[in-house]
Amino acid sequence: MEYPSILIEEAVREISKLPGIGKKTALRLALHLLKEKEAETKGLTEALTKLRRDTRYCDICHVISHTTECTCKTINRDLSVVCVVVDTPDMLAIRATGQYQGLFHVLGGVISPIGGIGPEDLYIDSLVKRVRESNGEIKEVILALSATMEGDTTAFYISRKLEDLDVKVSTIARGIPMGGELEYADELTLGRSIVTRTSYQSGLE
């Protein structure tokens, strides 16, 4: 596709790098921004710059935040349950169901030997430490990981790391299709999978 300006071409190239956005959509967005008032475009630019500059990760649950201090306990949450997810989009998807009121723990990925990602690259040790240092306050850990080989491998590894601690380890029900990612599951299915969660060990039998 030929562009009327190299500036448009550069904008389209950068915008199309975003997930789910092709060249045509990128072009529409670039032309839309060009037609907007300069203040609107400037506001978007400043918001994205601030996002990159000021975003932090909670030192305890590793959720994207504006501070490294955990804010989970300052809101109305069930402090006895921790739901383990791969990344922030999974947490948002589960929270959107309205079926879960507990805490979260973001792993930052899944174990993937092919991808060169091992347990030491994830926030697994901090999860174990979090449970151990809760002094029995955390009574259940829900493994809400995608139904993929990597997700199952990670869940198995975590269950082994927690087996010596006095905590129930459960997993979401298999309403999520094999190979499916949590963030793309509909809220009803995801909500039911949380409510009807089962013991992780019984799921291995």
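Residues that are within 19 Å of the chain's Cα centre (by Cα) and buried (at least 19 other Cβ atoms within 10 Å of the Cβ) occur in the stretch 62-77; there is at least one. Going by what's in this entry, would Glu137 be described as surrounded by fewer than 23 Cβ atoms within 10 Å (Cβ to Cβ) and touching a residue at least 40 places away in the same chain (Cβ under 8 Å)? Taking the combined requirement at face value, the residue satisfies it.
Quick check on the stretch 93-116. Is at least one of its residues part of a helix (DSSP H, G or I) and exposed (fewer than 11 other Cβ atoms within 10 Å of the Cβ)? Checking the stretch 93-116: not a single residue is part of a helix (DSSP H, G or I) and exposed (fewer than 11 other Cβ atoms within 10 Å of the Cβ).
Regarding the stretch 150-164, can at least one residue be identified that is surrounded by fewer than 16 Cβ atoms within 10 Å (Cβ to Cβ), closer than 19 Å to Leu79 by Cα, modelled with pLDDT under 95 and among the acidic types (Asp, Glu)? No: the stretch 150-164 contains no residue that is surrounded by fewer than 16 Cβ atoms within 10 Å (Cβ to Cβ), closer than 19 Å to Leu79 by Cα, modelled with pLDDT under 95 and among the acidic types (Asp, Glu). Taking residues in the stretch 114-131 that are within 9 Å of Lys161 (Cβ to Cβ) and in the same structural domain as Glu150 (by TED's automatic domain parsing), and partners anywhere that are surrounded by 15 or more Cβ atoms within 10 Å (Cβ to Cβ) and of a type in the set (D, E, K, R), the pairs with Cβ atoms closer than 7 Å and at least 6 places apart or on different chains are Ile124/Lys161; Val128/Lys161. Give me the residue from the stretch 119-137 that is at pLDDT 95 or above and not in a helix (DSSP H, G or I) and, out of that set, farthest from Asp78 (Cα to Cα). Only one residue fits best here, namely Leu122.
Being over 20 Å from Ser170 (Cα atoms) and either assigned to a strand (DSSP E or B) or among the hydrophobic types (A, V, I, L, M, F, W, C) (or both) is the filter here, so list the residues in the stretch 75-92 that pass it. Passing the criteria: only Ile75. Ile21 falls short of the stated requirement of being in contact with an Asp or Glu (Cβ under 9 Å, 6 or more places away or on another chain), surrounded by 13 or more Cβ atoms within 10 Å (Cβ to Cβ) and not in a helix (DSSP H, G or I).
The values are calculated or read from the model by the stated rules, or taken from the named source; none is laboratory data. No experiment lies behind these values; they were computed from the predicted model shown. When we count neighbours, we look across all protein chains shown, and the Cβ atoms used for this are built from the backbone with ideal geometry, even at glycine.
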